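Here the structure is laid out as C-alpha cells; the discussion comes afterwards.
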Amino acid sequence: MKVLVAVASRHGGTWGIGECVAEVLRSRGHSVELREPEDLVDAQGYDALVLGSAVYTGHWLPAARALAERVEQGGNPPFVWLFSSGLATQPAAAANSPHELAALGASLRARGHRSFRGRLDIAALSFAERAIIAGARARAGDHRNFELVEQWAQSIADALVLQPAR
C-alpha cells in the first residue's frame, strides 16, 4: 500500500516518531513517504495517512491542523491514523490531548489516535516556550519510548495488510 506519514514538528522530536513509524511500515512492505504537512496539498493518491503533530498549549501545530482540513476537503484516504507528542513529564494521555482532536478524528474518519511522550531540549526553545514549560514544570530530556511507537506502527501495518490497495 502507498502510505503517507505527515508530521508537524517544531524541534524535531515528533519528526523522530514519524521516522520510526515510516521505517516500520516500510519494513512491512509498504511504500511510504515521510513529509511535512506544509509541503502537501492533500493526501490524494495514498491508500493510508498517518498524521502526527507536536502538541503545544493543548493544540496541534497549525500546519498539521491545516493539512487535516485540506485532506478532509480533498477526500480522505480510506485509512487514517493520528498521533500526538507532547509534554515529556506528564502522563501521555493528559499531556497530548489536543482540544481539536475529537473533531479532527471524526472529520478524517480516523481509525485511532495515539499519544506519545516527547523530547524536551530547553536550549532549543524560544523565550515564550521556555516560560510555558517552566510553568508546566516539565523535565528536560528525551522521553520518547520508541518501543511503544514501533508497536503502534506494527498494529497499523497489521491493519493495512488485511485491506486491498486502491
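Would you list 143, 11, 99 from fewest to most Cβ contacts within 10 Å?
Values: 143 19, 11 16, 99 12.
The fewest-first ordering by Cβ neighbours comes to 99, 11, 143.
Among 14, 57, what is the fewest-to-most ranking by other Cβ atoms within 10 Å? If you can, show how the numbers build up before the last one.
Values: 14 26, 57 11.
With the sparsest Cβ surroundings first, the list reads 57, 14.
Could you work out the relative contact order of the chain? I mean the mean sequence separation of Cα pairs under 8 Å and 6+ apart, divided by the number of residues, in percent. Show your work: numbers first, answer last.
Numbers: 313 pairs, mean separation 39.4, N = 166.
Relative contact order, the chain: 24 percent.
Give me the base-10 log of I(q)/I(0) for the stretch 2-161 at each q in 0.10 Å⁻¹, Debye formula, one uniform scatterer per Cα, rounded to two decimals.
Cα-only, vacuum Debye calculation for the stretch 2-161: -0.33.
Connecting C-alpha atoms closer than 10 Å in a GNM of the chain, tell me which of 140, 110, 153 has the biggest fluctuation.
For the chain, modelled as a Gaussian network with Cα springs under 10 Å, the answer is 140.
With the Cα gyration tensor of the stretch 1-59 in hand, give its eigenvalues times 5 under a square root as the equivalent ellipsoid semi-axes, listed largest first in whole angstrom.
Values: eigenvalues 82, 38, 13 Å².
After diagonalising the Cα gyration tensor, the semi-axes are 20, 14, 8 Å.
Take 104, 148 and order them by how many other Cβ atoms sit within 10 Å, fewest up front.
Working: 104 23, 148 15.
Exposure proxy ranking, most exposed first: 148, 104.
Where a number appears in this text, it was derived from the coordinates with a stated rule and is not lab data. Since this is a predicted model, take the numbers as computed values, not measurements. Cβ coordinates were reconstructed from backbone atoms using ideal geometry, including for glycine residues, and neighbour counts include every protein chain displayed.
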